[in-house]
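Visitor: Before we start, here is the structure in question, set down as structure tokens.
The values are calculated or read from the model by the stated rules, or taken from the named source; none is laboratory data. Computed from a predicted structure; not experimentally measured. Using ideal geometry, Cβ is built from the backbone for each residue, glycine included, and neighbour counts are taken over all protein chains shown. Each accessible area value is taken on the protein alone, full model and side chains, heavy atoms only, with ligands, DNA and RNA left out. Shrake-Rupley method; radii C 1.70, N 1.55, O 1.52, S 1.80 Å.
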Amino acid sequence: MPIVMRLDVMLAKRRMRSKTLARAIGVTEANLSLLKSGKVNGVRFSTLAAICRELDCQPGDLMEYAPDEAAAVCAETG
């Protein structure tokens with residue numbers, strides 16, 4: 001997928017643990033872990049807004065469009 005999640009980077013920059021963020025935004029640690037790893041097909045805007053509020057960041061700080069990475073993954077698996 002050409003969208004790469006950078007939530008782990010922002011958590012490190014803010015010196016916040018996943019557990020703390022999960023509690024603050026009202027999601028399970030398991031769901032936050034899936035979001036961090038990019039193993040989800042979507043994210044609710046309300047969840048994204050809550051993450052941005054808690055981490056004091058913009059959605060673009062959390063996600064990156066990287067078409068070259070997607071092409072490389074397809075080439076490896078194809």
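Visitor: Return the pairs, sorted by first residue and then second, in which the second residue is part of a helix (DSSP H, G or I) and not aliphatic (A, V, I, L, M), the first residue lies in the stretch 47-58 and is over 17 Å from R23 (Cβ atoms) and open to solvent by 60 Å² or more (accessible area, probe 1.4 Å), the beta carbons are less than 8 Å apart, and the residues are 6+ apart or on different chains.
Guide: Filtered contacts from the stretch 47-58: Q58/C52.
Visitor: Among the residues of the stretch 18-46, write down those that are closer than 18 Å to V4 by Cβ, free of Cβ contacts under 8 Å to residues at least 12 places away in the same chain and not in a loop (DSSP other than H, G, I, E, B). Please lay out each step first, then the result.
Guide: So in the stretch 18-46, the residues closer than 18 Å to V4 by Cβ come out as 18, 32-43.
Adding the requirement that they be free of Cβ contacts under 8 Å to residues at least 12 places away in the same chain leaves 34, 39-43.
Within the stretch 18-46, just L34 meets the criteria.
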